[in-house]
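Working notes, structure below.
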Amino acid sequence: ASRLLGKTVLITGASAGIGAATAVLFAKGGANLILLARRADALKGVAEAAAKAHKDSGVQQGGKIATLQVDVSDKSQVATILDKIPQDLRNVDVLVNNAGFVHGVDRVGTINADDIDAMFATNVIGLIAVTQVFVPEFKARKNGLIINLGSIAGLEAYAGGSIYCATKAAVRAFGTALRKELVDTPIRVTEIQPGMVETEFSIVRFRGDKAAADKVYEGIEPLTAEDIAEEIVWVAARPPHVNIAELFVLPVNQASPTSVHRE
Ligand code: 8X3
């Protein structure tokens, strides 16, 4: 973990869930943070939690935290990211492309067109746009790690998830191509593929219906945001010659999107 000391990590979708847990864990490990999200107030809470985690850790290095209110699905906002980063955090070492969501469980033919656009806009186009900002930076500095949040959904699609699964398959294809493009550089590209993780994600999927969201996790112990944060921080702490290309992480009682054992 000493490899994290003083590193600067930019996290999208940092206001909740995996992004927020990852911010706190990197801060604890002595990294500096640039936290991006649409919701400024939630982001502020995460920045405070991360600052506290850094302070409590007693680690001297790192602990600088900047928050940027950015919607990655908005091209004009993504274009301002570099300008908005405070000067002392300009040299980003790790990009965590975490922002993403699913809206609805509708079957093809009945899917809301705006939901299709929104999921692709954030999960795919936004992720690509942010990556395009940092790849030239990383190439110029001959340094960088890009961690994309894929999903089990990108490996095996399931009924009722056609659009979300397609967005995560796109993330996978994009990252695979990028890894090949960067093969002659020190820049690493990782894809984390979580299975069932209990966060706001499920509530958003069911459009705020908490009871429906909770049902997903009935009788099974899902992963937590902190579990995935641990994997992300571990990936970032590998020696520079080691690239964890993919990491498929499941709750012990899940074997596929539909193979779930419930007590
Ligand atoms: C989300 C995991 O199983 O809901 O990335 O598709 S799942």
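Only the coordinates and a few stated rules stand behind these numbers; no lab work does. Just so it is clear, the structure is predicted and the values come from calculations on it, not from any experiment. Ideal geometry is used to build each Cβ from the backbone, glycine not excepted, and the neighbour counts take in all protein chains shown.
Look at where the Cα atoms of the range 123-175 and of the range 18-44 average out, and the two centres are 19 Å apart. Sketch the reach of a paramagnetic label on residue 40 as a point 7 Å from Cα along Cα-to-Cβ, and name the residues of the range 70-90 whose backbone nitrogen lies under 14 Å away. The answer is 70-71, whose backbone nitrogens lie closer than 14 Å to the label point. The C-alpha atoms of the range 13-83 occupy a region whose extents along the principal axes are 39, 23, 17 Å, arranged from largest to smallest. With Cα atoms as the point set, the range 113-263 shows a radius of gyration and Dmax of 16.5, 52 Å. Divide the volume of the convex hull around the Cα atoms of the chain by the residue count and you get 124 Å³ per residue. With a cut-off of 14 Å between beta carbons, the residues surrounding residue 151 carry a summed charge of -1, where Lys and Arg count +1 and Asp and Glu -1. For the range 224-230, 3J(HN,Hα) computed residue by residue from phi via the Karplus equation (6.51, -1.76, 1.60; θ = phi - 60°) reads 9, 4, 5, 4, 6, 4, 4 Hz, glycine and proline entered as x. Taking K and R as +1 and D and E as -1, what net charge do the other residues with C-beta under 15 Å from the C-beta of residue 202 add up to? That sum, taken over residues with Cβ under 15 Å, equals -2. One way to sum up the overall shape of the range 1-154 is the equivalent ellipsoid from its Cα gyration tensor, whose semi-axes run 28, 17, 14 Å, largest first. Measure nothing but the geometry: give the 0 to 90° angle between the long axis through the Cα atoms of 40-57 and the longest principal axis through the Cα atoms of the chain, rounded to 10°. Around 60 degrees separate the two axes.
Length gained on full extension, residue 107 to residue 57: 13.3 nm, using 0.36 nm per residue less the C-alpha separation. When each of 261, 54 is scored by the number of other beta-carbon atoms lying within 10 Å, the sequence from fewest to most is 261, 54. Neighbours of residue 211 by Cβ distance under 14 Å: Lys/Arg scored +1, Asp/Glu scored -1, total +1. Among the trypsin sites (Lys or Arg not before Pro) in the range 9-61, those located in a DSSP loop and surrounded by at most 15 other Cβ atoms within 10 Å of their own Cβ are 39. By the count of other C-beta atoms within 10 Å, a proxy for reagent exposure, 15, 256 are ordered fewest to most as 256, 15. Each helix, a run of at least 4 DSSP H residues, gives -39500 (n - 2.57); summed and divided by the residues of the chain, these come to -12000 deg cm²/dmol at 222 nm. Computed from Cα atoms, the angle from the helix 162-181 axis to the main principal axis of the chain rounds to 30 degrees. For the chain, the relative contact order comes to 20 percent (Cα pairs under 8 Å, sequence separation of at least 6).
If each Cα of the range 76-127 is one equal point scatterer, what is log10 of I(q)/I(0) from the Debye formula at q = 0.15, 0.25, 0.27, 0.31 Å⁻¹? One equal scatterer on each Cα of the range 76-127 leads to -0.58, -1.02, -1.10, -1.21. Which pairs in the list 7/55; 44/142; 55/168; 7/210; 44/75 are over 27 Å apart, alpha-carbon to alpha-carbon? Checking Cα-Cα distances, 44/142; 55/168; 7/210 exceed 27 Å.
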